[in-house]
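Trainee: Pasting a structure below so you can have a look.
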Amino acid sequence: MKASRARVSGGVRLYAPGARLVSTRQVAAVVEAVGHTVAARAIGCVYGDMGLGKTVAVERALHLLPGRVPVWRAVVGVAAGLPQVLAALCEVLGLPSGSLTHRAGSAAICP
Ligand SMILES: Nc1ncnc2c1ncn2[C@@H]1O[C@H](COP(=O)(O)OP(=O)(O)OP(=O)(O)O)[C@@H](O)[C@H]1O
Ligand SMILES: [Mg+2]
């Protein structure tokens, strides 16, 4: 396999030659939101138009979490529906399928 030419800046992979992470207001907002989400043991969603920097901001936020916070990555297809998202989360977290509620609010999961 060909080696990746990605350059890592601030814990974020960037693909343009010479690129570096820019600490925008939006990146700071996502960093703060992810910190609150982890503290609340909740699920959050970063959304916006394509190419706006969602993945960069989330990668930066994950990089800034304390090392003791475990991070798993669940990959879902493009335009996945809620059932596909929940199934992917169950798989990556090793939970029985169907153990995540389809409703908003607390999910009684004790990993
Ligand atoms: N804060 C930033 N600093 C430097 N480069 C950035 C930053 N945010 C975005 N970029 C550049 O913009 C590109 C697109 O950003 P990113 O992949 O995060 O967008 P996205 O919103 O996740 O896109 P998609 O909707 O396709 O998933 C990055 O690969 C990077 O080159
Ligand atoms: Mg993205």
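The values are calculated or read from the model by the stated rules, or taken from the named source; none is laboratory data. Computed from a predicted structure; not experimentally measured. As a convention, Cβ positions derive from the backbone with ideal geometry for all residues, glycine included, and neighbour counts pool all protein chains shown. Quick note on the areas: whole protein, heavy atoms, side chains included, nothing else; ligands and nucleic acids left out. Shrake-Rupley method; radii C 1.70, N 1.55, O 1.52, S 1.80 Å.
Trainee: Yes or no: Val8 assigned to a loop (DSSP other than H, G, I, E, B) and either away from ligand 1 (no atom under 11 Å from the Cβ) or more than 20 Å from Pro70 (Cβ to Cβ) (or both)?
Mentor: Working: assigned to a loop (DSSP other than H, G, I, E, B): no; either away from ligand 1 (no atom under 11 Å from the Cβ) or more than 20 Å from Pro70 (Cβ to Cβ) (or both): yes.
In short, no.
Trainee: Within the range 40-64, restricting attention to residues that are modelled with pLDDT under 95 and more than 10 Å from ligand 1 (Cβ to nearest atom), which residue is farthest from Val85 (Cα to Cα)?
Mentor: Ala40
Trainee: So, one more: Within the range 65-86, take every residue that is part of a helix (DSSP H, G or I) and either open to solvent by less than 60 Å² (accessible area, probe 1.4 Å) or within 16 Å of ligand 1 (Cβ to nearest atom) (or both) and give me the one that is farthest from Val8 (Cα to Cα).
Mentor: Leu86
Trainee: Follow-up question, since we're still on this one. I need the full set of residues from the range 24-49 which are among the charged types (D, E, K, R) and under 16 Å from Pro66 (Cα atoms), in order please.
Mentor: Glu32, Arg41
Trainee: Taking only pairs six or more apart or across chains, which ones have beta-carbon atoms under 9 Å, a first residue in the range 43-55 that is part of a loop (DSSP other than H, G, I, E, B), and a second residue that is open to solvent by 100 Å² or more (accessible area, probe 1.4 Å) and more than 8 Å from ligand 1 (Cβ to nearest atom)?
Mentor: Going by the 9 Å Cβ cut-off, the qualifying pairs are Gly44/His36.
Trainee: Taking into account only those residues within the range 19-57 that are open to solvent by 40 Å² or more (accessible area, probe 1.4 Å) and touching a strand residue (DSSP E or B) at 6+ places or on another chain (Cβ under 8 Å), which is nearest to Arg73 (Cα to Cα)?
Mentor: Among them, the one singled out is Val56.
Trainee: Same structure, new question: In this structure, is Arg5 at pLDDT below 90, exposed (fewer than 12 other Cβ atoms within 10 Å of the Cβ) and over 27 Å from Ala79 (Cβ atoms)?
Mentor: Working: at pLDDT below 90: yes; exposed (fewer than 12 other Cβ atoms within 10 Å of the Cβ): yes; over 27 Å from Ala79 (Cβ atoms): yes.
Answer is yes for this residue.
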